[in-house]
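Bear in mind that the values in this text are calculations on the coordinates, not laboratory data. This one's a predicted model, so the numbers in the text were calculated from it and none came from an experiment. Note: ideal-geometry Cβ built from the backbone for every residue, glycine included; neighbour counts use all protein chains shown.
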Amino acid sequence: MSIDLDTARRVAHLARIAVPEEDLPALADEFNAILGFIEQLQEVDVEGVEPMTGVTPMRLKRREDVVTDGGMPDKVLANAPDAREGFFAVPKVVE
Amino acid sequence: MTDLNALTIADARDALRKGDVTSVELTEACLKAADGAKALNAFVHPTHDLALEQAKAADARIKDGEAPAMCGVPLGIKDLFCTRHVPSQAASGILEGFKPEYESTVTRQLFESGAVMLGKLNMDEFAMGSSNETSVYGDVVNPWKVDDAQRTPGGSSGGSAAAVAADLCLAATGTDTGGSIRQPAAFTGTVGLKPTYGRCSRWGIVAFASSLDQAGPMTKTVRDAAIMLQAMAGHDPKDSTSADIPVPDFESMLTGDIRGKTIGIPKEYHMEGMPAEIEALWTDGRKMLQDAGAKIVDISLPHTKYALPAYYVIAPAEASSNLARYDGVRFGHRAKLAQGDGITEMYEKTRAEGFGDEVKRRVMVGTYVLSAGFYDAYYNRARKVRTLIKKDFEDVFAQGVDAILTPATPSAAFPLGAMTDADPVQMYLNDVFTVTVNLAGLPGIAVPAGLDGQGLPLGLQLIGRPWEEGDLLNTAYALEQSAGFVSKPDKWW
């Protein structure tokens, strides 16, 4: 499996990371080095093996479905780059 | 009398309780040492005022009697831990200016037990790196220096390891996703423990790969690791993967008696091209444990070879998902937008500016292995291989093995910049002996065991059964006593 420029461009977009066109070849090379390394996994016989979902066998705890926290909009917004009138502000998303 | 900042936790605790020293004195000694060690670049957000305030409160509590062991002990805290109203950036530009309104469970527990925070410690960005060269704050420098070269303290908990080795604090918190506590401990002649997955709450620790991340103590001695783990561990309702099981008194389990214990030596950890000094150290460690009365057996962990490639699918996949939250909306950096830019441009520019190269690379690799058409071939296959790696360990434990002895790292600390031109995979190989432990969720500890020919520290790793940190610490304690490692870096900074 080899990553071409189109794939590198597509992955960068999926990850929402702007990558300048001139940096794509180097990025594709790095992907290829890493994918070449993980390609070894294809050698392993995994027939009938369950993919791991949790490393410690335990039942996840349940709790009452009730509100346990909240009511602190000022704290929630304290670190926002742009907060107005109790909301996070972002560029226009609906035309 | 040892300089106060060079004390162990155990000695400081005893001196504090006897009234021979105050926490304020200890804290001032550490702050002075840290202020004088700017060349190491370990502390990146000092918290002098908070430290002295906490120290005074600790002194009052000690005076009243019944203070816990960690009360009054000055610590460094890795920047990955969210600490209330104190910058918590995970060494990333994307969290520039972020001051959490909450406290991570681990630091909350430490502070409730009376520990003092000296400041936040440098690390690799988002804990992604093995040399502390990916930090937005710049490289950490290893206090160990044997020639003109400045060396890496390892990573990702490089600031923690350097600060402990240079006596800028009594101990530090670290986190370990693929070796990030144990590799830097080995590179700096200190002790680093990664507990069983689920032993310490992950709540409030900036997430890298949630199924692998685990916090642990980085200390000067094995005893200190036992004392500090005690304060860090325990069930937390806010982390559904934290285990609701009792936390034993780890320190009381340090007898040094390992007679009758079975120690496994895995043949797959003999790596091609491994330096002879590492092989020799490993052989020495085997002999030390044997002389202490343990039974040594050769074992096989057949899927070892596939641990690193499985890790470099699983960890980036989880990271790509965890790091999706850095979108320039709720916290940290937002890029300046051009006329007409919409929300997609905001995400793309913010993340391009805020993330460093290694983080971008891993997020994109993770995105790729999770993308339609590749999910089964890479991600699901890696999770199946992870099942096999865990089974390797379960099989040897079922055969009666109590702990496994391996080298901690494939080399001693290398010069900063030595890997700049290497492809990323070369750097990943640093974690070859440690990453299996994360994949299997086991406890592992790096113990300093000797110096190489140049005078740089080397460490050995012990791997234990799940939830048996007490037993593992005791074996590590026996190894520590036999190895008798007492070297300290000569102060040049």
Region B:4-258: antiparallel bridges as % of DSSP beta bridges, rounded to 5, reads 65
Any idea what angle helix A:5-14 forms with the longest principal axis of chain A, computed on alpha-carbon atoms, 0 to 90 degrees, nearest 10?
20
D for the protein assembly as shown, whole µm²/s, Stokes-Einstein with Kirkwood Rh over alpha-carbon pairs at 25 °C and 0.890 mPa s: what number?
101
Suppose R0 equals 41 Å. What FRET efficiency, 1/(1 + (r/R0)^6) with r the Cβ-Cβ distance, do B:Asp49 and B:Lys267 give to the nearest 0.05?
0.15
Compute the distance from the alpha-carbon center of region A:44-82 to that of region B:373-439, in whole Å.
25
Order these peptides, A:16-27, B:131-142, by their mean beta-carbon neighbour count within 10 angstrom, highest first.
B:131-142, A:16-27
Per residue of A:14-25, other chain Cβ atoms within 10 Å number on average 6
Once R0 is set to 35 Å, what does the formula 1/(1 + (r/R0)^6) return for the Cβ-Cβ distance between A:Glu22 and A:Asp45, expressed as a FRET efficiency to the nearest 0.05?
0.25
With equal scatterers on the alpha carbons only and no solvent term, can you work out the Debye log10 of I(q)/I(0) for region B:4-258 at 0.11, 0.17 1/Å?
-0.50, -1.28
For chain B, what's the relative contact order in percent, using C-alpha pairs closer than 8 Å and at least 6 residues apart?
18
Quick one: length gained pulling A:Asp4 to A:Arg63 fully straight, 0.36 nm per residue minus the C-alpha distance?
16.4 nm
With a Förster distance of 41 angstrom and the Cβ-Cβ distance between B:Tyr375 and B:Gln399, calculated FRET efficiency to the nearest 0.05 equals 0.70
Cα Rg, Dmax, region B:366-493, angstrom units:
18.2, 55
When the gyration tensor of region A:1-86 is built from Cα positions, what are the square roots of 5 times its three eigenvalues, in whole Å, from largest to smallest?
39, 30, 8
Label-point separation, B:Glu279 to B:Ser321 (7 Å along Cα→Cβ), nm
4.2
Helix A:24-38 versus the longest principal axis of chain A: what angle, 0 to 90°, nearest 10, using Cα atoms?
70
Treating cross-link reach as a plain straight distance, find the aspartates and glutamates whose alpha-carbon is under 20 Å from the alpha-carbon of B:Lys349, omitting any fewer than eight places away in the same chain.
A:Asp6, A:Glu21, A:Glu22, A:Asp23, A:Asp82, B:Glu96, B:Glu125, B:Asp327, B:Asp341, B:Asp357, B:Glu358
Straight-line reach from B:Lys287: which aspartates and glutamates have a Cα under 14 Å away, not including same-chain ones fewer than 8 places off?
B:Glu279, B:Asp298, B:Glu480
Largest first, please: the extent of the C-alpha atoms of chain B along each principal axis, to the nearest Å.
69, 53, 50
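Take the residue pairs B:Lys120/B:Lys336; B:Lys38/B:Lys63; B:Lys267/B:Lys305; B:Lys63/B:Lys238; B:Lys32/B:Lys491 and return only those whose Cα atoms are more than 23 Å apart.
Long pairs (Cα-Cα over 23 Å): B:Lys120/B:Lys336; B:Lys38/B:Lys63; B:Lys63/B:Lys238.
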Relative contact order of chain A: what whole-number percent is it, with Cα pairs under 8 angstrom and at least 6 residues apart?
17
